[in-house]
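Novice: Mind looking over this structure? Questions follow.
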Amino acid sequence: MKFFNIILFFILNFYAYPSISSNNFNLVPIEISDNVFVIIGDNENISIENGGAISNTGFIIGDNYILVIDAGPSYIYASNVIDIIKSFSDLPIQYLVVTHHHADHSFGISRYLEIDVEIIIAPAELKRYLKYGHRSLKQIKALIGEDWLLDTKINSFEYKVKEYPISLNLGNRNISIELFEKGHSDGDLIIKDKNSNILFVGDLIFNGRAPTVPHANINNWKNYIDIISKRDWNYLIPGHGNIIKNKNELLPTKNWITFIDKTAKEASIKGVSALEIFNEGLPDFIKKYKLAKETWYRDLPILIDKYEFD
Ligand SMILES: [Zn+2]
């Protein structure tokens with residue numbers, strides 16, 4: 001069934017997008033369990049080649065409603081995802097859960113608002129999306145060009161304040177949504193599909209690449225990874241990288257954030273600058289991570305600054 005769906009989608013996609021254009025994301029839905037899908041992003045930095053589609057998107061189809069997990073990086077990306085969903089089901093997309101405000105997870109929101117979807121996002125992250133979204137959108141346009149971000153807007157919208165955990169019923173399909181405050185972001189949402197025992201954890205876990213920490217509280221984040229690790233789940237969908245089956249695969253995220261945090265704290269206590277640390281070369285411990293260099297150079301100075309002002 002899974003493979004059949006993928007093949008069917010390729011056929012539909014081929015006719016819908018006969019030529020390769022700069023706006024073609026080539027998204028491939030994978031059915032992990034009955035009616036639970038994930039589209040794995042390009043496990044890289046945002047680039048002109050991937051159009052910002054670097055994080056994972058999920059969707060879950062119940063008997064009455066569909067729930068989408070993360071809006072992706074742009075209006076066009078979200079449109080493509082909606083087309084894919086429509087190729088599987090005519091049911092309404094009732095909910096969009098945005099795990100946190102970072103652009104690669106949230107900038108498709110404007111597309112979902114056009115089809116009257118209820119947006120679920122932590123209040124603190126909605127604030128950040130509205131406050132920093134315009135600036136971030138400008139930066140990404142400068143980086144990868146306007147075409148990829150055509151019609152992408154930062155919209156305010158009617159927002160229902162929720163009490164977490166949230167329980168939703170998609171029709172013979174129960175979903176729970178939990179809020180993990182001040183971890184990778186100010187408000188990370190994790191989504192569990194109870195029928196399949198699959199957990200979507202957003203950027204609390206990065207698989208196969210260095211995690212990014214610009215808005216993180218690393219102490220809380222480490223605790224959250226321990227909590228997630230102790231939970232019972234069949235599959236875990238990280239914010240970036242492949243589907244996870246084995247709990248050991250949560251460790252690289254925890255080890256990286258522990259290491260960069262310790263390095264930054266020691267540097268701020270000793271008055272050592274990021275540049276001095278960079279001059280010593282990339283530490284052996286982190287060399288094995290994909291995107292280690294870029295992430296290390298970008299995030300370490302931010303963390304050192306943060307601890308100097310703490
Ligand atoms: Zn993020």
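Novice: Could you work out the helix-only [θ] at 222 nm for the chain, with each DSSP H run of four or more residues adding -39,500 (n - 2.57) and the total divided by the number of residues, to the nearest 500 deg cm²/dmol?
Specialist: The per-residue figure over the chain is -12500 deg cm²/dmol.
Novice: Step through the residues of region 299-307 one at a time and calculate ³J(HN,Hα) from phi using the Karplus curve (6.51 cos²θ - 1.76 cosθ + 1.60, θ = phi - 60°), rounding each to whole Hz and writing x for Gly and Pro.
Specialist: 8, 4, x, 4, 5, 4, 4, 4, 6
Novice: Within the chain, what percent of beta bridges assigned by DSSP are antiparallel, to the nearest 5?
Specialist: Rounded to the nearest five, the antiparallel share is 70 percent.
Novice: Calculate how steeply helix 251-270 sits against the longest principal axis of the alpha-carbon atoms of the chain, using the helix alpha-carbon long axis, and give the answer as 0 to 90 degrees to the nearest 10.
Specialist: 30
Novice: In whole Å, what is the distance between the alpha-carbon centres of region 115-144 and region 279-310?
Specialist: After rounding, the separation between the Cα centres reads 26 Å.
Novice: Let me ask another. Quick one: which of LYS222/LYS247; LYS131/LYS153; LYS230/LYS287; LYS182/LYS288; LYS270/LYS306; LYS160/LYS222 span more than 18 angstrom between C-alpha atoms?
Specialist: In this structure, LYS230/LYS287; LYS182/LYS288; LYS160/LYS222 exceed 18 Å between Cα atoms.
Novice: While we're looking at this one, here's another question. Tell me, what HN-Hα J-couplings in whole Hz come from the Karplus equation 6.51 cos²θ - 1.76 cosθ + 1.60 at θ = phi - 60° for each residue of region 131-148, using x for Gly and Pro?
Specialist: Each residue's phi maps through the Karplus curve to give 6, 9, x, 4, 5, 5, 4, 4, 4, 5, 4, 5, 7, 10, x, 5, 3, 4 Hz.
Novice: Apply the Karplus curve 6.51 cos²θ - 1.76 cosθ + 1.60, θ = phi - 60°, to the phi angles in region 193-208 and return the couplings in whole Hz, x for Gly and Pro.
Specialist: The phi angles translate into 8, 6, 4, 9, 6, 10, 10, 9, 10, x, 7, 5, 10, 10, 10, x Hz.
Novice: Residues with amide H under 5 Å of GLY183's amide H, sequence separation 5 or more or different chain, H placed in the peptide plane at 1.01 Å from N; which?
Specialist: Here the answer is ASP188, ASN217, since their amide H atoms fall under 5 Å of that of GLY183.
Novice: Next question. Which residues' amide hydrogens lie under 5 Å from the amide hydrogen of LEU204, considering only partners 5 or more residues apart or on another chain, with H built in the peptide plane?
Specialist: Distant-sequence amide H within range of LEU204: GLY239.
Novice: What angle do you read, to the nearest 10 degrees and between 0 and 90, between the alpha-carbon axis of helix 218-230 and the longest principal axis of the chain?
Specialist: Roughly 50 degrees between the two axes.
Novice: How large is the dipole of the chain about the Cα centre if only Lys and Arg carry +1 and Asp and Glu carry -1, each at its Cβ, rounded to the nearest 20 debye?
Specialist: Charge dipole of the chain: 480 debye, to the nearest 20.
Novice: Something else about it: Using amide H atoms built 1.01 Å from N in the peptide plane, name the residues 5+ places from LEU96, or on other chains, whose amide H lies under 5 Å from its own.
Specialist: VAL68, GLU118, ILE119, ILE120
Novice: Return the loop-located GluC sites (Glu not before Pro) in region 149-229 (DSSP other than H, G, I, E, B) with at most 11 other Cβ atoms within 10 Å of their own Cβ; answer none if there are none.
Specialist: Listed in order of number, the matching sites are GLU158, GLU163.
Novice: Give the distance, in whole Å, between the Cα centre of region 198-258 and the Cα centre of region 42-99.
Specialist: Cα centroid to Cα centroid, the span is 21 Å.
Each reported figure results from applying straightforward, stated rules to the coordinates on display, with no laboratory input. Bear in mind the structure is a predicted one, so any value in this text is a computation, not a measurement. Neighbour counts run over all protein chains shown; Cβ positions are idealised from the backbone, glycine included.
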